Amino acid sequence: QKEVEQNSGPLSVPEGAIASLNCTYSDRGSQSFFWYRQYSGKSPELIMFIYSNGDKEDGRFTAQLNKASQYVSLLIRDSQPSDSATYLCAVIHGGGSNYKLTFGKGTLLTVNP
Amino acid sequence: GAVVSQHPSRVICKSGTSVKIECRSLDFQATTMFWYRQFPKQSLMLMATSNEGSKATYEQGVEKDKFLINHASLTLSTLTVTSAHPEDSSFYICSAFGGAVDTQYFGPGTRLTVL
């Protein structure tokens, strides 16, 4: 059973702070890693993806990947109340007909004005 | 882009009726589509994986005769909830694999209420 683990939260940060969301995965062979954001009552939307060890920055978002530790994180700088949502970590393992994207249960982030 | 649409966005039906939900990938072809269900304040639950031209693969505990899935083309999958009951009321979300980044892109979801 391939697993993706996230702290369910809630994670509460003040406006303007850095929010740090963490995720670990069990399949050492996983190659592709994604972060989705889901607002309450809405469907998930893709916000970041990362394939290589290290950091990947996109605006206020930075994804970090450490394959040796099987750890992927998402940093949100200058957090805004509009960032309040559930963040889902997802990992692809397998390939071809055996492709599977496994989601974590999500971390609820609340940014307080 | 990678846009996935769902129709209808909201449906209310009487107990015992059947409801069909459509999922379309608008700007890419998707050989694989997925159907999820989400109850309030709970995680996404994968119901089934749908491959174009073949039978869907259902997750354990999901009744294949109740949740009929058809993936007739590379851009369309449908989920039919047969003989719906109040306990089937939920948020149903489809996703399609593909797009500019090979991952799953989600439709906006369909909120089903069974009276």
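No value in this document is a laboratory result; all are computed from the given coordinates. Remember, predicted model here, so these are calculated numbers, not experimental data. No Cβ is skipped: glycine too gets one built from the backbone with ideal geometry, and neighbour counts run over all protein chains shown.
Observations on the model:
- Rounded to two decimals, the Cα-based Rg/Rh of region A:1-46, with Kirkwood Rh, is 1.01.
- Mean separation of Cα contacts under 8 Å (6+ apart) over length of region B:1-68, as relative contact order %: 22
- Based on Cα atoms of the protein assembly as shown, Rg over Rh with Rh as the Kirkwood radius reads 0.98.
- Backbone phi angles across region B:21-34, fed through the Karplus curve with coefficients 6.51, -1.76 and 1.60 (θ = phi - 60°), yield HN-Hα couplings of 10, 9, 10, 10, 8, 8, 10, 7, 8, 10, 6, 10, 10, 10 Hz in residue order; Gly and Pro are listed as x.
- Inter-part distance where region B:64-115 and region B:29-51 are each reduced to a Cα centre, Å: 7
- Taking a straight Cα-Cα cut-off under 30 Å and skipping sequence neighbours fewer than 8 places away in the same chain, the lysines within cross-link reach of residue B:64 are A:2, A:42, A:100, A:105, B:14, B:20, B:41, B:55.
- Put in line by how crowded their Cβ is, counting other Cβ atoms within 10 Å and starting with the fewest, B:87, B:59 read B:87, B:59.
- Pairs of Cα atoms farther than 18 Å apart, region A:20-97, %: 39
- For chain B, the Kirkwood estimate of hydrodynamic radius, built from reciprocal distances between every pair of different alpha carbons, is 14.0 Å.
- Least to most buried among B:85, A:93, B:71 (fewest other Cβ within 10 Å first): B:85, A:93, B:71
- Order of B:23, A:23, B:13 under a 10 Å beta carbon neighbour criterion, fewest first: B:13, A:23, B:23
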